[in-house]
Amino acid sequence: MRAIINGLFIAFTANSGIPVPEAEWNKKNMQYAVCFFPFIGIVTGVLLWGWHRVCDLGGFGQACFSLAGPVIPVFITGGIYLGGFMNTAAALPTRDRKCGKDMKKNGTKGRAFNDAVIAAVCYFMLSGAGMTLIWKEEQLVLLSLTYIISGTLYGMSLMWFATRDKEGTSYMFSSTARVVVVRAVLVTVLALEFLSAVLVQPVTGAVVALAAMWVWTYYYYMTKKRFGGITDDTAGYFVCLCELVCVLMIGIIGRVM
C-alpha cells in the first residue's frame, strides 16, 4: 500500500506543480505511478468547473471564463506539458529530429524559437475560442472529462509506444511499471471515461472519444516517423493537442446542436 501511495506522489511530482510529499523515485515506488496520471486531470477539471461557476455567479461573463480557462491547466501542470508542446512544435516544421534534450539546447534559437512562440499563441487562442462556446452543464462535465482522458491516454502511450531515449521521465515510468497491471487499469479507466462522456451527451461524447483516440493514433505514427519514438517533449505535445482538439469539438458541436 505504501508503494501505491508513493506512486501517487511521484505521478503528481512529475506531471504537475501541485505540492505533495516527497517519495523516492525507485522501481518499487514507480511500478504503479502511471495509473495515477489521470488524477492530475481530475484536479484540472474540477478547477475549470469551479472557475466557470465563479464567473457565472460573479457576473464576470463567458469571455472571462474562456480567457483565463486555458491558463488553469498550465497552472496545474507548472507548464510542463506546454513546454514540451512548444519544443515539439518548433521541431516539426524544420523536420528536426532533435526533440527533447537537444531541442532545449538548440530549439530556442532563431526560427525554432519563433515557431515555438507561434504554436503557444495559437494554442491559447484556439483553446479560448473553444471555451467561449462552452456554457451548458453537460458541456462543462465533458470539458472536465477531457483533461482526465488526456492524462489516461498519456499513460497508455508510455505503456504501448516505444521511447526514443533511454533516459528522461518517460523512459523511467515505462521501464519501471508493472506493464500488465498498469495497462489493465488504464484501459478500464479509459473505457469508463468514454462511457461517462457518452452518457452525459451521446453525440458530443462519442465525438470527443473518437477525437481523443485519433490524436493518440496520430501521436504514435508521428513520433515514430519523425522522432524515432516518444520523448518527454512529445508527451507534452500530445497532452496539449488532445485537450485542444477535444475542447474545440465540445464547443463546436455543442453550438451546432
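The values are calculated or read from the model by the stated rules, or taken from the named source; none is laboratory data. Worth saying up front: this structure is predicted, and the values here are computed from it rather than measured. Every residue, glycine among them, receives a Cβ derived from its backbone with ideal geometry; neighbour counts consider all protein chains shown. All accessible areas refer to the heavy atoms of the entire protein, side chains included, with ligands and DNA or RNA removed. Shrake-Rupley method; radii C 1.70, N 1.55, O 1.52, S 1.80 Å.
Tell me, which helices (runs of 4 or more DSSP H) wholly within the range 9-69 include 1 or more residues that are in contact with a Leu (Cβ under 8 Å, 6 or more places away or on another chain) and open to solvent by 40 Å² or more (accessible area, probe 1.4 Å)?
Qualifying helices (runs of 4 or more DSSP H): 37-58.
Would you please list the contacts, defined by Cβ atoms under 8 Å and residues six or more apart or on different chains, that run from a residue in the range 72-83 that is part of a helix (DSSP H, G or I) to a residue that is of a type outside the set (A, V, I, L, M) and open to solvent by 30 Å² or more (accessible area, probe 1.4 Å)?
Ile72/Trp51; Phe75/Gly17; Ile76/Gly17; Thr77/Gly17; Ile80/Gly17
Within the range 111-208, considering only helices (runs of 4 or more DSSP H) that don't extend past its boundaries, which have at least 3 residues that are of a type in the set (Val, Ile, Thr)?
137-160, 179-200
Among the residues of the range 191-214, what is the count of those that are surrounded by fewer than 22 Cβ atoms within 10 Å (Cβ to Cβ), within 16 Å of Gly41 (Cβ to Cβ) and of a type in the set (Val, Ile, Thr)?
So the answer is 1.
Suppose we keep only residues that are part of a helix (DSSP H, G or I) and more than 15 Å from Met156 (Cα to Cα) within the range 224-236. Which one would you say is least open to solvent (accessible area, probe 1.4 Å)?
Per the stated criteria, the residue is Asp233.
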